[in-house]
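Trainee: There's a structure below that I have some questions on.
Read-outs throughout are calculated quantities, based only on the coordinates presented, and are distinct from any laboratory measurement. Just so you know, these numbers come straight off a predicted model, no measurement behind them. FYI the Cβ positions are ideal-geometry reconstructions off the backbone, even for glycines, and counts take in every protein chain you see.
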Amino acid sequence: MRECIDAMALALQSVAEGASILPLRTVILLPGTPNAFAAMPAVLGTGPGAALGAKIITVFPGNDATPYDSHIGVVLLFDAENGGLQAIADASSITAIRTAAVSGLATRLLANPDAGELALLGAGVLALPHMDAMCSVRPIRRVRVWSRSAQRAHDFAKRARTKHDMEVIVCEMACDAAEGADIICTITSSRTPVLSGSWITPGAHVNAVGASIPTARELDTTAVRASRLFVDRRESAMNEAGDFLIPRSEGAIDDTHIRGEVGELLRGSVAGRTARDEITLFKSLGLAVEDIAAVRHVYEKARASGAGTPVALGGLR
């Protein structure tokens, strides 16, 4: 996780510097269902050292009740010199780890240094990676978790206690998890708010992760309006982030409510937290450069160690 956080920092700084090509994702909604098929291409960096590729995924929210992940697909990594396909990676694993790593990076940049009470709203595939990420950047003492599925919350708590040897409390209500927390991560598939601004303690940092379309949000308008808001990329947020777009449509905020991008925080071109009691909010959408950076990191480690399964594609024998 620490390695992935560092890789995400380099990728997002590249975006802020204009050194990457990153079109908006293409999403096809399947008629009569909440399901989608999406393609996310990107070029990370410039010149011979650039990495290019795409994530191709299906998003089926109803899979929460099945053996399948809600996000299924592959990340493809290509060589920038000759266009050869270098790697095919499981998008479920890559997405879960890099998403949590970006939340960890935002938390490292924005949360109070002594933040130790963590609340997880959601206990699905993103829960344990997010706990790993938060523990990597802050001295987490205790975790409170809530899920619409009590069984899933208890299953997560059992795995988390074993891995991290710390107190993990299952809460019956989302407000019980969020109130008094120093860090809150919303990692649900909900299309309506699961976090109310009235529950957020002054000084808390929030990572809003689960919603990624204009009509869905996990935070209510009060929570967004009361927060100092940062995003992974402005263009993506202004086109895809319901957590931002819905309060804006209500007239509660305007475009200036976005204070900056994570890459700009890394470059020092925008200010992050300005007071201990300030509420900071990171709205994560997930960018293709994050997937490409994560797979490149894995690919380089695999080549060095001799791991992976070679496949002849694209004329290379």
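Trainee: GLY203's amide H: which non-local residues (gap 5+, or another chain) put their own amide H closer than 5 Å, with H modeled 1.01 Å from N in plane and none for Pro or chain starts?
Mentor: Long-range HN contacts for GLY203: GLU278, ILE279.
Trainee: Something else about it: Can you list the trypsin sites (Lys or Arg not before Pro) in the stretch 245-294 that are in a DSSP coil and have 12 or fewer other beta carbons within 10 angstrom?
Mentor: Loop-located and lightly packed - ARG276.
Trainee: With springs only between Cα atoms under 10 Å apart, run a GNM on the chain and tell me which of ASN82, ASN112, ASN63 wobbles the most.
Mentor: Greatest mean-square fluctuation among the candidates belongs to ASN82.
Trainee: Order by neighbour count: SER212, SER284, fewest other Cβ atoms within 10 Å first, most last.
Mentor: SER212, SER284
Trainee: Okay, next question. Could you put MET134, MET1, MET8, MET40 in order, starting from the residue whose Cβ has the fewest other Cβ atoms within 10 Å?
Mentor: Placing the least packed residue first, the sequence is MET1, MET40, MET134, MET8.
Trainee: May I pose another question? Considering only DSSP beta bridges where both residues belong to the chain, give the percentage that are antiparallel (nearest 5). If you can, show how the numbers build up before the last one.
Mentor: Working: 29 of 58 bridges.
Antiparallel bridges make up about 50 percent of those DSSP assigns within the chain.
Trainee: Let me know the shape class of the stretch 185-317, please: from the alpha-carbon gyration tensor, a ≥ b ≥ c as square roots of the eigenvalues, rounded when a/c is under 1.5, otherwise prolate if a/b is greater than b/c, or oblate.
Mentor: prolate
Trainee: Can you tell me the relative contact order of the stretch 232-317? Whole percent, Cα pairs under 8 Å, sequence separation 6 or more.
Mentor: It rounds to 31 percent for the stretch 232-317.
Trainee: Semi-axes of the equivalent ellipsoid of the stretch 110-286: what are they in whole Å, largest first, if each equals the square root of 5 times a C-alpha gyration tensor eigenvalue?
Mentor: 25, 18, 14
Trainee: Moving to a separate point now. Across 20 Å bins from 0, what is the distribution of all Cα-Cα pair distances for the chain, in whole percents?
Mentor: 34, 59, 7, 0
Trainee: Sticking with this structure for a sec: Net charge within 15 Å of LEU77 by Cβ-Cβ distance, Lys/Arg positive one each and Asp/Glu negative one each, not counting LEU77 itself?
Mentor: Numbers: positive: LYS55, ARG98, ARG296, LYS301, ARG303; negative: ASP79, GLU81, ASP90, GLU290, ASP291, GLU300.
Charge balance near LEU77 sits at -1.
Trainee: Could you work out which residue, out of ALA174, ALA153, ALA80, moves most in a Gaussian network model of the chain, that is, has the largest mean-square fluctuation with Cα springs under 10 Å?
Mentor: Among ALA174, ALA153, ALA80, the largest mean-square fluctuation in the Gaussian network model of the chain belongs to ALA80.
Trainee: Shifting gears a bit: With a ≥ b ≥ c taken as the square roots of the eigenvalues of the C-alpha gyration tensor of the stretch 39-112, please select rounded if a/c is under 1.5 and otherwise prolate if a/b is larger than b/c or oblate if it is not? Don't skip to the end; give the middle numbers.
Mentor: Working: a/c = 3.12, a/b = 1.22, b/c = 2.55.
Since a/c reaches 1.5 but b/c is at least a/b, the shape of the stretch 39-112 is classed as oblate.
Trainee: Tell me, what ³J(HN,Hα) does each residue in the stretch 296-310 have, in order and in whole Hz, if you take phi through Karplus 6.51 cos²θ - 1.76 cosθ + 1.60 with θ = phi - 60° and put x for Gly and Pro?
Mentor: Whole-Hz 3J(HN,Hα) from phi for the stretch 296-310: 4, 4, 5, 4, 5, 5, 5, 4, 5, 9, x, 7, x, 10, x.
Trainee: Let me ask something else about it. What list of ³J(HN,Hα) values in whole Hz, one per residue of the stretch 84-96 in order, does the Karplus curve 6.51 cos²θ - 1.76 cosθ + 1.60 (θ = phi - 60°) give from phi, with Gly and Pro shown as x?
Mentor: For the stretch 84-96, the Karplus-derived couplings read x, 6, 8, 7, 10, 10, 5, 5, 4, 5, 4, 4, 4 Hz, x marking Gly and Pro.
Trainee: About the Cα centre of the chain, how large is the charge dipole given +1 on each Lys and Arg Cβ and -1 on each Asp and Glu Cβ? Please answer in debye to the nearest 20.
Mentor: About 380 debye.
Trainee: If you add up the charges near SER20, with Lys and Arg at +1 and Asp and Glu at -1, over every other residue whose beta carbon is less than 11 angstrom from its beta carbon, what do you get?
Mentor: -1
Trainee: How high is the relative contact order of the stretch 110-286? Use alpha-carbon pairs under 8 Å, at least six apart in sequence, and give a whole percent.
Mentor: On the way: 397 pairs, mean separation 37.9, N = 177.
Value for the stretch 110-286: 21 percent.
Trainee: Which of PHE244, PHE78, PHE230 ends up with the largest GNM mean-square fluctuation for the chain, with Cα atoms connected below 10 Å?
Mentor: Highest fluctuation among the options: PHE78.
Trainee: What percent do you get for the relative contact order of the stretch 71-203 when only Cα pairs under 8 Å and 6+ apart count? It would help to have the intermediate numbers written out before the result.
Mentor: Values: 224 pairs, mean separation 31.0, N = 133.
Dividing the mean separation by the residue count of the stretch 71-203 yields 23 percent.
Trainee: At a 10 Å Cβ-Cβ cut-off, how would you order LEU85, LEU245, LEU12, LEU110, fewest neighbours first?
Mentor: Ascending number of Cβ neighbours within 10 Å: LEU85, LEU245, LEU110, LEU12.
Trainee: Using the Cα gyration tensor of the stretch 128-210, with a ≥ b ≥ c the square roots of its eigenvalues, what is the shape: rounded (a/c below 1.5), prolate (a/b larger than b/c) or oblate (neither)?
Mentor: Working: a/c = 1.59, a/b = 1.17, b/c = 1.36.
Judged from the Cα gyration tensor, the stretch 128-210 comes out oblate (a/c at least 1.5, b/c at or above a/b).
Trainee: Do any GluC sites (Glu not before Pro) in the stretch 177-278 lie in a DSSP loop with no more than 11 other beta carbon atoms within 10 Å, and if so, which?
Mentor: Here the sparse-neighbourhood loop sites are GLU250.
Trainee: What are the ³J(HN,Hα) couplings of the stretch 34-42, residue after residue, when phi is run through the Karplus curve with 6.51, -1.76, 1.60 and θ = phi - 60°? Round to Hz, x for glycine and proline.
Mentor: Taking θ as phi minus 60°, the curve returns x, 8, 8, 10, 9, 10, 10, x, 6 Hz for the stretch 34-42.
Trainee: May I ask you to list the trypsin sites (Lys or Arg not before Pro) in the stretch 97-152 that are in a DSSP loop and have at most 16 other Cβ atoms within 10 Å of their Cβ?
Mentor: For trypsin sites (Lys or Arg not before Pro) across the stretch 97-152 that sit outside H, G, I, E and B with at most 16 neighbouring Cβ atoms in 10 Å, the list reads ARG141, ARG148.
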